[in-house]
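*Asks:* Okay, here's the structure, questions in a sec.
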Amino acid sequence: MSTKIHSVPVALGERAYDVHIGAGILPQLGGLAQTLGSELGQKCAVVTDSTVAPLYSEAVLASLKESGYLPTLVTVPAGEASKALGVAEQVCDAMIAAGLDRKSWVVALGGGVVGDLAGFVAAIYYRGIPFVQIPTTVIAQVDSAVGGKTGVNATHGKNLIGAFHQPRFVLADVTTLQTLPPREFNEGIAEIVKHAAIRDRSLLESLATPNLQFEPEALARVIRRNVEIKAAIVAADEHETQGLRALLNFGHTVGHGIENAAGYGRFLHGEAISLGLVAACRLSVLKAGLAPEESQLLLDALARFQLPLRLPGDISTESLMAALRTDKKFAQGQVRFVLCPRLGEAFVSNEVTLEEIRAAVEALR
Ligand code: NAD
Ligand code: GLY
C-alpha cells in the first residue's frame with residue numbers, strides 16, 4: 001500500500017498548518033506530531049466514538065506510544081447526540097482525571113461529530129490546548145476537519161455553541177473511508193457536490209470513478225482537491241467575516257433547517273445537505289440564472305450516490321421554516337442565501353425572501 005503523503009498547506013500565518021493526505025498513513029501520526037517538537041506535550045487525549053474506537057484507536061495509540069507520547073483514550077457514543085455541552089464536559093472531566101494539563105493536547109479521531117466536539121474541548125480545556133484532527137469520514141476529510149470551526153449543538157439549533165480553534169495538523173488517511181457503511185460514505189459526497197458547485201465543476205467528473213470508495217488513489221485525489229478548495233477559502237476568510245467562507249454554506253440554510261425539523265438521527269448530515277442543495281439549486285436557477293442543465297448535473301451527482309432529492313411528507317414546511325429562523329445565517333432577520341450563477345461560482349445574496357425559500361422547500365415534495 002502506498003504511504004505517499006500529499007500535504008496541503010492552510011495558510012493562516014501563525015496558525016498555519018498542513019493537511020496530510022494519503023493511503024495507509026495512520027501509523028505516521030506519532031512521527032508527524034514529533035515534528036512539532038515541544039509544542040505538543042507528552043500527554044494527550046485521543047477522543048473518538050464507539051464505532052471508530054474498535055476500528056482505529058489501536059493503530060493511533062500504538063503510533064503515539066512508539067513516538068514517546070502518553071495517550072489516554074476517551075470514547076463517546078457514536079452519533080450527533082454526542083455534539084452536546086454535557087458530553088464536552090464529560091470529556092473534559094475524563095481528561096482532568098487522566099492528569100492532562102495545559103501542555104497536553106487532543107487528537108480528534110473520527111467523523112465530523114468527534115472533530116467538532118474534540119476541537120471544542122481543546123478550545124476550552126485550560127483555556128485552549130493544541131489539537132490534531134484525524135478525520136475518518138468523507139465529510140470530515142473534505143470539510144469539517146479543515147478550518148477550525150468547532151462546537152456543539154444547542155437545544156434550539158445546530159452549532160450554536162462553539163469556538164474557532166485551528167488544529168496543529170490534519171492527517172487524512174483515505175483507507176479509513178473503506179470501513180464506512182455505504183450510506184455514510186455517500187452522505188459525504190454532498191459536501192463534494194457543494195464544492196463542485198461553488199468552486200470546481202471538474203469535481204463532478206472525478207466523482208464518476210467506479211467504486212470510488214475502494215480506489216485509494218482516485219479517492220486521495222478527490223479528497224486533496226476538496227481540501228485545496230476549503231483551505232483557500234479558510235485562508236482568505238478564517239472567521240467568516242469577508243463573505244467568502246459563507247459560500248461554504250451553499251445548500252446548508254435549508255439543509256440545517258431540515259436536520260433540525262426532522263430531529264437529529266433521521267437524516268445523516270450529508271443527506272439533509274443533499275436536500276438543501278436541491279433547494280439551493282432551484283433558487284439559483286430562479287434568482288441567479290443558473291442554467292437548468294447545470295443544476296441537473298449537480299442533482300444527477302447526488303442521485304448517483306443515493307442521496308435524497310425529495311422531502312418526506314411528514315416533515316412540515318412550517319416546522320422547517322421555524323427551525324430555519326434559528327440558524328446563524330439569518331443575520332438579524334435578514335436572509336443571506338448562497339446562490340450559484342454557474343457551476344464553480346457562488347455569491348451571497350440578500351435578495352432571497354423567506355417566501356421564496358418556502359416555495360423551494362415545497363418544491364422538494
Ligand atoms: P459522524 O461523525 O457522526 O460520522 C458518521 C458515522 O460514521 C458515525 O456513526 C461514526 O461513528 C461513523 N464512522 C466514522 N468514521 C468511520 C469509519 N472510518 N468507518 C466506519 N464508521 C465510521 O458524522 P459526519 O457525517 O462525519 O459529520 C457530521 C457532523 O459534522 C455534523 O455534526 C456537522 O454539523 C459537522 N460538520 C462540521 C463542519 C465544520 O466546519 N466544523 C463542516 C461540516 C460538517
Ligand atoms: N463547513 C463550513 C465552514 O467550515 O465554514
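*Asks:* So for region 239-247 (the condition being crowded, with 22+ Cβ neighbours inside 10 Å, of a type in the set (Lys, Arg), under 30 Å from Arg336 (Cα atoms) and within 15 Å of ligand 1 (Cβ to nearest atom)), does at least one residue qualify?
*Replies:* no
*Asks:* Let me ask something additional. Only helices (runs of 4 or more DSSP H) wholly contained in region 22-133 count here; list those with 3 or more residues that are free of Cβ contacts under 8 Å to residues at least 24 places away in the same chain and under 25 Å from Lys158 (Cα atoms).
*Replies:* Values: elements: 29-34, 58-66, 85-97, 112-124.
Where helices (runs of 4 or more DSSP H) fall fully within region 22-133 and carry at least 3 residues being free of Cβ contacts under 8 Å to residues at least 24 places away in the same chain and under 25 Å from Lys158 (Cα atoms), they are 85-97.
*Asks:* OK, next. How about region 78-101: which of its residues are within 22 Å of the chain's Cα centre (by Cα) and either within 16 Å of ligand 2 (Cβ to nearest atom) or within 28 Å of Leu32 (Cα to Cα) (or both)?
*Replies:* Ala78, Glu80, Lys83, Ala88, Val91
*Asks:* Which ones in region 321-339 are within 22 Å of Phe267 (Cβ to Cβ), within 22 Å of the chain's Cα centre (by Cα) and modelled with pLDDT of 90 or more?
*Replies:* Phe337, Val338
*Asks:* Residues in region 62-87 that are within 16 Å of ligand 1 (Cβ to nearest atom) and farther than 18 Å from Ala122 by Cβ: how many?
*Replies:* Selection size over region 62-87: 5.
*Asks:* Moving on to the next point. May I ask you to list the residues in region 163-175 that are assigned to a strand (DSSP E or B) and either within 11 Å of ligand 2 (Cβ to nearest atom) or polar (S, T, N, Q) (or both)?
*Replies:* Selection gives Phe164 alone.
*Asks:* Still on this model: Any residue at all in region 201-212 that's among the hydrophobic types (A, V, I, L, M, F, W, C), within 13 Å of ligand 1 (Cβ to nearest atom), more than 21 Å from His6 (Cα to Cα) and out of contact with any strand residue (DSSP E or B) (no Cβ under 6 Å at 6 or more places or on another chain)? It would help to see each step written out before you state the result.
*Replies:* From region 201-212, those among the hydrophobic types (A, V, I, L, M, F, W, C) are 203-204, 207-208, 212; that's our starting set.
Filter once more, keeping what is within 13 Å of ligand 1 (Cβ to nearest atom): none.
No.
*Asks:* Among the residues of region 295-320 satisfying the criterion of being part of a helix (DSSP H, G or I) and without any contact (Cβ under 8 Å) to a residue 60 or more places away in the chain, which is farthest from Glu351 (Cα to Cα)?
*Replies:* Only one residue fits best here, namely Ala303.
*Asks:* Kindly provide the set of residues from region 122-170 that are in contact with a Leu (Cβ under 9 Å, 6 or more places away or on another chain), farther than 28 Å from Thr326 by Cα and within 13 Å of ligand 1 (Cβ to nearest atom), ordered by number.
*Replies:* Answer for region 122-170, where residues must be in contact with a Leu (Cβ under 9 Å, 6 or more places away or on another chain), farther than 28 Å from Thr326 by Cα and within 13 Å of ligand 1 (Cβ to nearest atom): Gln133, Ile134, Pro135, Thr136.
*Asks:* Filter region 244-268 down to the residues that are away from ligand 2 (no atom under 12 Å from the Cβ) and either over 16 Å from the mean Cα position of the chain (by Cα) or of a type in the set (Phe, Trp, Tyr) (or both) and list them by number.
*Replies:* Answer for region 244-268, where residues must be away from ligand 2 (no atom under 12 Å from the Cβ) and either over 16 Å from the mean Cα position of the chain (by Cα) or of a type in the set (Phe, Trp, Tyr) (or both): Val254, Gly257, Ile258, Asn260, Ala261, Ala262, Gly263, Tyr264, Gly265, Arg266, Phe267.
*Asks:* For Ala197, are the conditions met, namely being closer than 13 Å to Ala301 by Cα, at pLDDT 95 or above, within 15 Å of ligand 2 (Cβ to nearest atom) and not in a loop (DSSP other than H, G, I, E, B)?
*Replies:* Yes.
*Asks:* Tell me the residue from Glu271, Glu238, Glu228 that is within 17 Å of the chain's Cα centre (by Cα) and assigned to a loop (DSSP other than H, G, I, E, B), please.
*Replies:* None of the others qualify; the one that does is Glu238.
*Asks:* A further question on this structure: Pick from Val121, Val138, Val114, Val152: which is in contact with a Gly (Cβ under 6 Å, 6 or more places away or on another chain), more than 24 Å from Gly13 (Cβ to Cβ) and more than 11 Å from ligand 2 (Cβ to nearest atom)?
*Replies:* Val138
*Asks:* Just checking, which of Gly257, Gly251 is touching a Cys at 6+ places or on another chain (Cβ under 9 Å) and under 23 Å from Leu311 (Cβ atoms)?
*Replies:* So the residue among Gly257, Gly251 that is touching a Cys at 6+ places or on another chain (Cβ under 9 Å) and under 23 Å from Leu311 (Cβ atoms) is Gly251.
*Asks:* Which one is farthest from ligand 1 (Cβ to nearest atom) among residues in region 218-232 that are farther than 13 Å from Leu177 by Cβ and touching a residue at least 40 places away in the same chain (Cβ under 8 Å)?
*Replies:* Arg224
Table: residues versus (1) touching a Leu at 6+ places or on another chain (Cβ under 9 Å); (2) not hydroxyl-bearing (Ser, Thr, Tyr).
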residue: Ile21; (1), (2): yes, yes
residue: Leu26; (1), (2): yes, yes
residue: Gly31; (1), (2): no, yes
residue: Thr35; (1), (2): no, no
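The values are calculated or read from the model by the stated rules, or taken from the named source; none is laboratory data. Everything numeric here is computed off the predicted structure, so don't read it as measured data. Reconstructed Cβ throughout: ideal geometry from the backbone, glycine too, with neighbour counts over all protein chains shown.
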